[in-house]
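Undergrad: Quick one: this structure, given as structure tokens, is what I'll be asking you about.
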Amino acid sequence: MRIAAVGDIHLGADSDSTIGRPWAHVAEDADVVLLAGDLTKCGTPAEARLVIEHFGNVSIPVIAVLGNHDHHAERDDEVTHLLRLAGIQVLEGDAVEIDLPSGRLGVAGVKGFGGGFAGANATAFGEREMKAFVHHTELVAERLAAALGRLTDSCDVRVALMHYSPTPDTLCGERPEIHPFLGSQLLAEAVDATQVDLVVHGHAHAGTERGATPGGIPVRNVAMPVIGCAYRVFDLAPAAGGLGTNGRRVESG
């Protein structure tokens, strides 16, 4: 099963007009596209329309989650509505199953949130602002767990799609002091409690591509600044032991 994935494309009025060229041929490389958030620069409807220009006519299914940039203008509901009207499936605590030529794919998606990891994670203690921060992470992780739980046994491959990272592995290269704002161990706990073949995220522009949850689930950071190309393609073959390859490089130019 061939999955093309990328995050952090940050489309805006001043974006390079050539950025979308490789997507015209993505169906030659993949069966489905996953977008790991930060599709826009500031989360405006006008920027959402630019995303639609690039992905609305892709001939294979496109599944997305939003990122923090897509929430900045506080018009994320409008952005989501526009993307869905164009046929892009936007997930937030939702799960979708689609039949592809190579089998049935199940995807559960959330934006995710920060909070940190073992030894340096935030706790819901003290000021109400800190409690609100941690409670939001807990809520998002609960949504992810519920969405993963809704994927049926008929799925040949299961993927968790998010923007924030579930592991510090893929944050290597980022300053350690900002790790709590780049992901949360609670996302990994939700993943490790279920049967998942792959986790895909973005957000960490200076991070590392490859990692794993504490339970050993492969995690891939597909932020465009990290992969250095238009998208990464993963061949997943669960019957052969999960991630079939390390991902093929698809150049953007």
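The values are calculated or read from the model by the stated rules, or taken from the named source; none is laboratory data. These numbers come from a predicted model, not from an experiment. Cβ coordinates were reconstructed from backbone atoms using ideal geometry, including for glycine residues, and neighbour counts include every protein chain displayed.
Undergrad: Between a residue in the stretch 90-105 that is without any contact (Cβ under 8 Å) to a residue 40 or more places away in the chain and within 22 Å of residue 235 (Cβ to Cβ) and any residue that is in a strand (DSSP E or B) and among the β-branched types (Val, Ile, Thr), which pairs come within a Cβ distance under 7 Å, given they are 6 or more apart or on different chains?
TA: Partner pairs satisfying both residue conditions: 96/63; 96/107.
Undergrad: Filtering the stretch 10-38 down to residues that are touching a His at 6+ places or on another chain (Cβ under 8 Å) and within 17 Å of residue 111 (Cα to Cα), which residue is surrounded by the fewest Cβ atoms within 10 Å (Cβ to Cβ)? Spell out how you get there, then give the answer.
TA: As a first pass, look at the stretch 10-38 and keep what is touching a His at 6+ places or on another chain (Cβ under 8 Å): 10-11, 19-20, 23, 36-38.
Remaining after also requiring within 17 Å of residue 111 (Cα to Cα): 10, 36-38.
Details: 10: 20, 36: 31, 37: 28, 38: 27.
Applying the filter and picking the extreme gives 10.
Undergrad: Could you list, ordered by first residue, the pairs with Cβ atoms under 6 Å in which the first is in the stretch 1-20 and at pLDDT 95 or above and outside any strand (DSSP E or B) and the second is surrounded by 21 or more Cβ atoms within 10 Å (Cβ to Cβ) and of a type in the set (Gly, Ala, Ser), at least 6 apart or interchain?
TA: 8/202; 8/223
Undergrad: Of a type outside the set (Lys, Arg), in contact with a Ser or Thr (Cβ under 6 Å, 6 or more places away or on another chain) and surrounded by fewer than 22 Cβ atoms within 10 Å (Cβ to Cβ): which single residue out of 46, 73 fits that description? Don't jump to the end; show me each part of the working.
TA: Numbers: 46 fails: in contact with a Ser or Thr (Cβ under 6 Å, 6 or more places away or on another chain).
That would be 73, the only listed residue that is of a type outside the set (Lys, Arg), in contact with a Ser or Thr (Cβ under 6 Å, 6 or more places away or on another chain) and surrounded by fewer than 22 Cβ atoms within 10 Å (Cβ to Cβ).
Undergrad: For the stretch 190-229, name all the residues that are in contact with a Lys or Arg (Cβ under 9 Å, 6 or more places away or on another chain), among the small types (Gly, Ala, Ser) and free of Cβ contacts under 8 Å to residues at least 40 places away in the same chain.
TA: 206, 228
Conditions (1) assigned to a helix (DSSP H, G or I); (2) touching a strand residue (DSSP E or B) at 6+ places or on another chain (Cβ under 8 Å); (3) crowded, with 18+ Cβ neighbours inside 10 Å, marked per residue:
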site	(1), (2), (3)
54	yes, yes, yes
69	yes, yes, yes
82	yes, no, yes
106	no, yes, yes
114	no, yes, yes
120	no, no, no
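Undergrad: Here is a follow-up. Could you check the stretch 190-232 and list, in sequence order, the residues that are among the aliphatic types (A, V, I, L, M), outside any loop (DSSP other than H, G, I, E, B) and surrounded by fewer than 21 Cβ atoms within 10 Å (Cβ to Cβ)? Give the derivation first.
TA: As a first pass, look at the stretch 190-232 and keep what is among the aliphatic types (A, V, I, L, M): 190-191, 193, 196, 198-200, 204, 206, 212, 217, 219, 222-224, 226-227, 230.
Pick out the ones that are also outside any loop (DSSP other than H, G, I, E, B) and you get 190-191, 198-200, 212, 219, 223-224, 226-227.
Within the stretch 190-232, just 212 meets the criteria.
Undergrad: Let me ask another. Is it the case that residue 78 is at pLDDT 95 or above, touching a helix residue (DSSP H, G or I) at 6+ places or on another chain (Cβ under 6 Å) and surrounded by fewer than 19 Cβ atoms within 10 Å (Cβ to Cβ)?
TA: Numbers: at pLDDT 95 or above: yes; touching a helix residue (DSSP H, G or I) at 6+ places or on another chain (Cβ under 6 Å): yes; surrounded by fewer than 19 Cβ atoms within 10 Å (Cβ to Cβ): yes.
Against the criterion (at pLDDT 95 or above, touching a helix residue (DSSP H, G or I) at 6+ places or on another chain (Cβ under 6 Å) and surrounded by fewer than 19 Cβ atoms within 10 Å (Cβ to Cβ)), residue 78 qualifies.
Undergrad: Could I ask something else about it? What is the residue count in the stretch 85-101 for residues that are in a loop (DSSP other than H, G, I, E, B), over 20 Å from residue 185 (Cα atoms) and in contact with a Leu (Cβ under 9 Å, 6 or more places away or on another chain)? Before you say what the answer is, go through the steps one by one.
TA: The initial filter retains those residues of the stretch 85-101 that are in a loop (DSSP other than H, G, I, E, B), namely 86-88, 91-93, 101.
Among the residues that remain, those that are also over 20 Å from residue 185 (Cα atoms) are: 86-88, 91, 101.
Checking the rest, the ones that are also in contact with a Leu (Cβ under 9 Å, 6 or more places away or on another chain) come to 88, 91.
Adding up the residues that qualify gives 2.
Undergrad: Next up: Take the stretch 146-189 and flag every residue that is of a type in the set (Gly, Ala, Ser), under 15 Å from the mean Cα position of the chain (by Cα) and assigned to a helix (DSSP H, G or I).
TA: Going through the stretch 146-189, the residues of a type in the set (Gly, Ala, Ser) turn out to be 146-147, 149, 154, 160, 165, 173, 183-184, 188.
Then keep just the ones that are under 15 Å from the mean Cα position of the chain (by Cα); that gives 147, 160, 165, 183-184, 188.
147, 188 - these are the residues of the stretch 146-189 that are of a type in the set (Gly, Ala, Ser), under 15 Å from the mean Cα position of the chain (by Cα) and assigned to a helix (DSSP H, G or I).
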